[in-house]
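J.: Dumping the structure here so I can ask a few things about it.
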Amino acid sequence: MREMQALFAGEFSGHFYFDMKRHGAHAYFENPMLVIIKLMELLASTPQSLAEEAAPLFKYAHSGEINFEVKRDKQEVINEVKDYFSEATINEMDGVRIDHGRFWLLVRASNTEPVVRLIVEATDTETMNQIIEEVRQIITR
């Protein structure tokens with residue numbers, strides 16, 4: 001949000017954040033009640049359903065969160081995925097995010113379970129499924 005000076009951001013985990021500018025400075029807050037109020041305002045102002053309102057926003061194929069139970073070291077698994085896609089742009093802020101032209105993926109370890117989580121977004125379903133399969137093979141070795 002800071003980099004793009006976004007007014008609103010969300011995470012797949014259901015957290016939503018607003019830029020609540022204060023005294024001329026950006027101030028980012030998670031505010032679930034404000035999200036509910038804004039959704040209610042939107043739904044009250046249109047005859048369309050929430051799904052119909054959101055449909056134009058879904059331009060890409062998205063996997064949702066896929067969980068893999070692992071018996072080996074989670075960081076080792078993540079490192080193998082990172083090495084496999086070493087030619088891509090890699091960000092290790094929270095697990096490993098890999099950006100590669102027609103797709104991006106995120107692989108991260110659960111803090112509480114023997115699980116590695118995968119999210120893939122791609123320009124089309126075929127690419128998304130191909131990447132999911134390639135990463136699945138790495139994770140389940």
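J.: Give Val115, Val96 a once-over and let me know the one that is hydrophobic (A, V, I, L, M, F, W, C) and more than 17 Å from Glu11 (Cα to Cα). Explain how you work it out, then say what you get.
T.: On the way: Val96 fails: more than 17 Å from Glu11 (Cα to Cα).
Val115 is the lone residue from the list that is hydrophobic (A, V, I, L, M, F, W, C) and more than 17 Å from Glu11 (Cα to Cα).
J.: Filter the range 87-114 down to residues that are part of a loop (DSSP other than H, G, I, E, B) and touching a strand residue (DSSP E or B) at 6+ places or on another chain (Cβ under 9 Å), then give me how many there are.
T.: 8
J.: Only one of these conditions is not met by Ser13: (1) among the hydroxyl-bearing types (Ser, Thr, Tyr); (2) surrounded by 13 or more Cβ atoms within 10 Å (Cβ to Cβ); (3) modelled with pLDDT under 85. Which number is it?
T.: (2)
J.: Also: Arg108 versus (1) without any contact (Cβ under 8 Å) to a residue 12 or more places away in the chain; (2) surrounded by 12 or more Cβ atoms within 10 Å (Cβ to Cβ); (3) within 20 Å of Phe16 (Cβ to Cβ): which is the lone unmet condition?
T.: Against the list (1) without any contact (Cβ under 8 Å) to a residue 12 or more places away in the chain; (2) surrounded by 12 or more Cβ atoms within 10 Å (Cβ to Cβ); (3) within 20 Å of Phe16 (Cβ to Cβ), Arg108 comes up short only on (1).
J.: Take the residues in the range 15-45 that are closer than 14 Å to Arg2 by Cα and among the aromatic types (Phe, Trp, Tyr); name whichever of them is nearest to the chain's Cα centre (by Cα).
T.: Tyr17
J.: Would you check which residues across the range 54-63 are surrounded by 11 or more Cβ atoms within 10 Å (Cβ to Cβ) and in a loop (DSSP other than H, G, I, E, B) and list them?
T.: Those that are surrounded by 11 or more Cβ atoms within 10 Å (Cβ to Cβ) and in a loop (DSSP other than H, G, I, E, B): Tyr60, Ser63.
J.: Of the conditions (1) charged (D, E, K, R); (2) touching a strand residue (DSSP E or B) at 6+ places or on another chain (Cβ under 6 Å); (3) more than 20 Å from Trp104 (Cα to Cα), Glu65 fails just one. Which one is it?
T.: Checking Glu65 against (1) charged (D, E, K, R); (2) touching a strand residue (DSSP E or B) at 6+ places or on another chain (Cβ under 6 Å); (3) more than 20 Å from Trp104 (Cα to Cα), the one that fails is (3).
J.: Here is a further query. Does Ser13 count as under 28 Å from Arg102 (Cα atoms), polar (S, T, N, Q) and touching a strand residue (DSSP E or B) at 6+ places or on another chain (Cβ under 7 Å)?
T.: no
J.: Just checking, which of Glu41, Glu76 is outside any strand (DSSP E or B) and either outside the structural domain of Glu126 (by TED's automatic domain parsing) or touching a residue at least 24 places away in the same chain (Cβ under 8 Å) (or both)?
T.: Being outside any strand (DSSP E or B) and either outside the structural domain of Glu126 (by TED's automatic domain parsing) or touching a residue at least 24 places away in the same chain (Cβ under 8 Å) (or both) holds for just one of Glu41, Glu76, which is Glu41.
J.: Can you pull out every residue in the range 64-73 that is under 19 Å from the mean Cα position of the chain (by Cα), farther than 17 Å from Ser13 by Cβ and not in a strand (DSSP E or B)?
T.: none
J.: If I ask for residues that are in contact (Cβ under 8 Å) with a residue 40 or more places away in the chain and either at positive phi or of a type in the set (Val, Ile, Thr) (or both), which ones from the range 44-65 would you list?
T.: Residue satisfying the conditions is Gly64 alone.
The values are calculated or read from the model by the stated rules, or taken from the named source; none is laboratory data. Only a predicted model underlies this, so the values are computations on that prediction, with no experimental measurement involved. Don't worry about glycine lacking a Cβ; one is built from the backbone with ideal geometry, like all the others, and counts go over all protein chains shown.
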